[in-house]
Amino acid sequence: MNKSKLDTKRYNELNSFVEEIGNIEIMAKESFEYCHYLHFPKSEKEKDYLVYSEHFRDFSHILWRNAVIEIAKLLSAGSTDKYCLKKLIKKFTKDGEYSKAGINEDIVNNWLNFFEEHKLILKKVRDVRDLIYAHTDSPENRKRVEGITFDEFKKLFAFIDVVIKGINEMVFDKEVERRIGFDRRQFDIIEVLAAEKEKRIAEILGPGFKINK
């Protein structure tokens, strides 16, 4: 039900746009959670296995790269960043295209303040995307890029979640359940591979040999 005062065209347009933003965030979050697990697995056995796995190091880097590129689509304000959240939020201001959407001005200003308060983190995301992953920049410029941390990434996801949830509830009067496929509790492939490697080493070395850790 349309509780806002938006006309049907803008209402449907905004609804589709917010759904696409949610899809982009899910892609970023999926890659992030897998990558985070590969850095912080749930057991020491998995950690030992990953230290010596070149394949999983490469896989982790690919996941991180994808997470950065996807989240930058939402938080970068370049001319080609179609799904930039800041641009969308500005449309809810009193002079904006979606001013009749019914979102309180204080909430809109609070969302916009996030970009100012976290501009250093956002710059990191933009620099890593633009200078390292999206383009082949000079080695000198690449060295100057400051990487983003896992905790900083989590802050960005938390903000995106608040905005998407707020728009869905205040404009569309709906709750959207958004889940990623990754489940840390059920992700056991590393554990299986680690156990198999340990078994093979034991078979090769024989029962009398013990591996000290």
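What follows is calculated from the coordinates using simple rules that are stated; it is not laboratory data. It should be emphasised that the depicted structure is a prediction, and the values quoted were computed from it without experimental measurement. Note: ideal-geometry Cβ built from the backbone for every residue, glycine included; neighbour counts use all protein chains shown.
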Worksheet item: Loop-only check: which trypsin sites (Lys or Arg not before Pro) in the range 157-210 are DSSP coil with at most 15 other Cβ within 10 angstrom?
Response: Lys174, Arg178, Arg179, Arg184, Arg185, Lys210
Discussion item. Can you work out the Karplus-derived ³J(HN,Hα) for every residue in the range 20-37? Use 6.51 cos²θ - 1.76 cosθ + 1.60 with θ = phi - 60°, whole Hz, and x for glycine or proline.
Written reply: 5, 4, x, 5, 5, 5, 4, 4, 5, 5, 4, 4, 4, 5, 5, 4, 4, 5
Worksheet item: Applying the Karplus parametrisation 6.51 cos²θ - 1.76 cosθ + 1.60 with θ = phi - 60° to the phi angles of the range 49-55, what ³J(HN,Hα) value in whole Hz is obtained for each residue in order, glycine and proline being reported as x?
Response: 5, 5, 4, 9, 9, 5, 4
Response to the item:
Farthest towards the positive end of the dipole of the chain, among Ile26, Cys84, Leu6 and with Cβ unit charges of +1 on Lys and Arg and -1 on Asp and Glu, lies the Cα of Cys84
Worksheet, complete the sentence: Counting as exposed only GluC sites (Glu not before Pro) in DSSP loop states with no more than 15 other Cβ atoms inside 10 Å, the longest exposed-site-free span of the chain is 1-96
Fill in: the range 177-202 versus the range 9-33: alpha-carbon centroid distance in Å
29 Å
Item to complete: Towards the positive end of the charge dipole of the range 20-140, with charges on Cβ (+1 Lys, Arg; -1 Asp, Glu), say which of Ser43, Leu74, Val125 has the farthest Cα.
Response: Leu74
Worksheet item: Tell me, what HN-Hα J-couplings in whole Hz come from the Karplus equation 6.51 cos²θ - 1.76 cosθ + 1.60 at θ = phi - 60° for each residue of the range 89-106, using x for Gly and Pro?
Response: 4, 4, 6, 8, 5, 4, 9, x, 4, 10, 4, 8, 6, x, 8, 3, 4, 5
Worksheet item: Given Cα pairs under 8 Å that are at least 6 residues apart, what percent is the relative contact order of the chain?
Response: 28 percent
Discussion item. Test of understanding: given the chain, find the longest segment containing no chymotrypsin sites (Phe, Trp or Tyr not before Pro) that are in a DSSP loop and have at most 12 other Cβ atoms within 10 Å.
Written reply: 53-208
Worksheet item: Quick one: in the chain, what % of C-alpha pairs are over 23 Å apart?
Response: 56 percent
Fill in: Helix-only [θ]222 nm of the chain, DSSP H runs n ≥ 4, -39500 (n - 2.57) each, per residue, nearest 500
-20500 deg cm²/dmol
Worksheet entry | Cα-Cα over 24 Å, subset of Lys47/Lys154; Lys82/Lys123; Lys42/Lys174; Lys45/Lys154; Lys123/Lys174 | Lys42/Lys174; Lys45/Lys154; Lys123/Lys174
Worksheet, complete the sentence: Under 19 Å by backbone N from the virtual spin label 7 Å along Cα-to-Cβ at Lys82, the residues of the range 101-134 are 134
